[in-house]
Amino acid sequence: MNSMTPEISVIIVTNNSAPVLAESLPALKLSIEDFNHFFSREGSVEVVVIDNNSSDTSPDIVRRSFPDAKALKLDLNTGFASACNLGAERAKGRYLLLLNPDVVLESEALWALHREIENRSDAGAVCGRLTNTDGSFQATCRNFPDVRNILGSRGSWLLRFSKRNRYTLDDSSEVISVPATAATMLMIKSDVFASHSGFDERFFMYMEDTDLCRRLGLASQKIYYVPTAVGIHKWGQGSDVGFLKRAFWHHLSVWKYFAKWRPGFFTYVVLPPALCLNFLLRSISAPFDNPN
């Protein structure tokens with residue numbers, strides 16, 4: 001391997017992310033330094049940033065923190081999936097780390113993820129353990145959405161009336177295989193990502209990660225949860241997109257996912273009014289909800 005070829009390409013998609021970058025980028029730099037120490041080679045990690053038409057100082061903050069980063073500022077917000085695919089096209093690393101701008105990595109996170117994906121021949125991807133700012137566990141691993149669990153998922157208004165949730169998975173102290181995970185902090189083999197043509201760009205934001213995980217699983221490529229790779233996720237602070245817009249894209253993406261993988265009576269007749277009702281109820285209750 002060429003000594004200048006990076007081992008890992010960290011791909012970050014920004015969109016008016018300045019408030020969180022001031023903390024997340026220095027933490028990323030420390031994690032990269034830690035990785036270089038363990039990997040015994042400087043320049044083993046490159047940073048690729050795709051900016052989705054920010055109107056704030058996000059590009060300037062990135063430039064100051066990582067002057068050598070491969071940075072591209074788009075004139076249009078193309079969505080998370082499309083921007084990640086653009087980043088992957090520019091990346092040269094053997095592995096891609098898809099990282100939200102509102103994730104503050106612990107110093108050994110990169111190394112922990114890399115160690116597991118290197119040592120597991122059946123691993124297509126690995127994900128880390130995310131916490132809220134108060135240190136509590138933030139569930140990002142999940143089962144695949146289906147008729148039984150979607151109306152009781154984390155985004156469902158009905159969940160507040162029941163503790164049953166077959167969608168998101170509990171924490172684990174051991175490395176375990178999971179059906180699916182969010183792309184908040186996801187390391188994937190670059191050739192695997194390319195072989196699946198990256199994210200499906202019909203998903204503007206949300207569900208693109210679950211869709212990719214489903215395709216990985218169908219190709220017998222496992223996803224592993226690595227609890228020693230820790231990041232603090234400032235949920236919803238990665239851009240200035242408001243709650244209603246986020247909720248709209250999430251509900252639409254859920255329907256698109258079902259239309260792709262589970263077409264039929266439930267998807268075309270039952271799910272649309274259920275999603276519309278849930279969106280309405282969440283919009284009404286949002287001002288009273290705890291942000292965590």
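Quick note: the coordinates plus some simple rules give every number you see, no bench work behind them. If you're wondering where the values come from, they're calculated on a predicted model, not measured in any experiment. Cβ atoms come from the backbone with ideal geometry, glycine included; neighbour counts cover every protein chain shown.
Using a simple charge model, +1 on the beta-carbon of Lys and Arg, -1 on the beta-carbon of Asp and Glu, nothing else, what dipole does the chain show about its Cα centre, in debye to the nearest 20?
With only Lys, Arg, Asp and Glu charged at Cβ, the dipole is about 1060 debye.
Near the amide H of Ala229, under 5 Å away, which other amide H atoms are found, from residues 5 or more places off or on another chain, if H is placed in the peptide plane?
Here Arg129 satisfy the definition.
Which residue fluctuates the most in the chain, going by a Gaussian network model with Cα springs under 10 Å, if the choices are Pro59, Pro179, Pro263?
With Cα springs under 10 Å in the chain, the top fluctuation among Pro59, Pro179, Pro263 is at Pro263.
Provide the descending list of Cα extents for region 1-125 along its principal axes, expressed in whole angstroms.
Principal extents (largest minus smallest coordinate, Cα): 41, 25, 24 Å.
When the helix-only estimate is applied to the chain (DSSP H runs of n ≥ 4, each -39,500 (n - 2.57), divided by the residue count), what is the mean residue ellipticity at 222 nm, nearest 500 deg cm²/dmol? List each step's numbers first, then the result.
Working: 8 runs with 103 residues, N = 292.
Computed mean residue ellipticity for the chain: -11000 deg cm²/dmol.
Can you tell me how much longer the chain between Glu174 and Phe248 gets when fully stretched, taken as 0.36 nm per residue apart minus their C-alpha distance, in nm with one decimal?
Result: 23.1 nm gained on full extension.
Distance between the C-alpha centers of region 169-233 and region 4-25? Whole Å please.
Distance between centres, Cα-based: 18 Å.
Bin all alpha-carbon pair distances of the chain at 10 Å intervals from 0 and give each bin's fraction as a whole percent.
6, 29, 37, 22, 5, 1
Counting other C-beta atoms within 10 Å, which of Tyr268, Tyr95 has the fewest, and how do the rest follow? Present the calculation step by step, with values, prior to reporting the outcome.
Working: Tyr268 12, Tyr95 25.
Sorted ascending by nearby Cβ count, the order is Tyr268, Tyr95.
Kindly express, to the nearest 10 degrees and within the range 0 to 90, the angle between helix 109-119's C-alpha long axis and the longest C-alpha principal axis of the chain.
That helix lies at roughly 90 degrees to the long axis.
If each residue of separation counts as 0.36 nm, what is the full-extension length gain between Ala69 and Leu30 once their alpha-carbon separation is subtracted?
Residue separation times 0.36 nm, minus the Cα-Cα distance, leaves 12.5 nm.
Rg/Rh for region 54-108 to two decimals, with Rh computed the Kirkwood way over all alpha-carbon pairs.
0.95
Report the paramagnetic label zone for Phe38: residues of region 199-227 whose backbone N is under 17 Å from a point 7 Å from Cα along the Cα-to-Cβ axis.
224-227
Which angle between 0 and 90 degrees, to the nearest 10, do you get for helix 18-39 versus the longest principal axis of the chain when only C-alpha atoms count?
Roughly 50 degrees between the two axes.
From Cα pairs below 8 angstrom and at least 6 apart in sequence, can you work out the relative contact order of the chain, rounded to a whole percent?
Numbers: 550 pairs, mean separation 64.6, N = 292.
Relative contact order here is 22 percent.
Work out which GluC sites (Glu not before Pro) in the chain are exposed loop sites (DSSP not H, G, I, E or B, at most 11 other Cβ within 10 Å) and give the longest gap free of them.
43-173
Which residue fluctuates most in the GNM of the chain (Cα springs below 10 Å): Val147, Val49, Val20?
Maximum among the listed residues: Val147.
Tell me, Leu76, Leu275, Leu110, Leu281 in order of fewest to most beta-carbon neighbours within 10 Å?
Numbers: Leu76 8, Leu275 20, Leu110 31, Leu281 14.
Fewest-to-most Cβ neighbours within 10 Å comes out as Leu76, Leu281, Leu275, Leu110.
Report the one residue of Phe258, Gly198, Phe35 whose Cα lies farthest in the direction of the positive end of the charge dipole of the chain (charges on C-beta: Lys and Arg +1, Asp and Glu -1; origin at the Cα centre).
Phe258
I'd like the distance between the alpha-carbon centres of region 55-95 and region 127-146, rounded to an integer number of Å.
25
Given a 10 angstrom Cα cut-off, can you work out which residue in Gly231, Gly93, Gly217 is the most mobile in a GNM of the chain?
Gly217
Once you have the Cα-Cα distance between Lys92 and Ile284, take 0.36 nm times their residue separation minus that, and quote the gain in nm to one decimal.
Length gained between Lys92 and Ile284: 64.6 nm.
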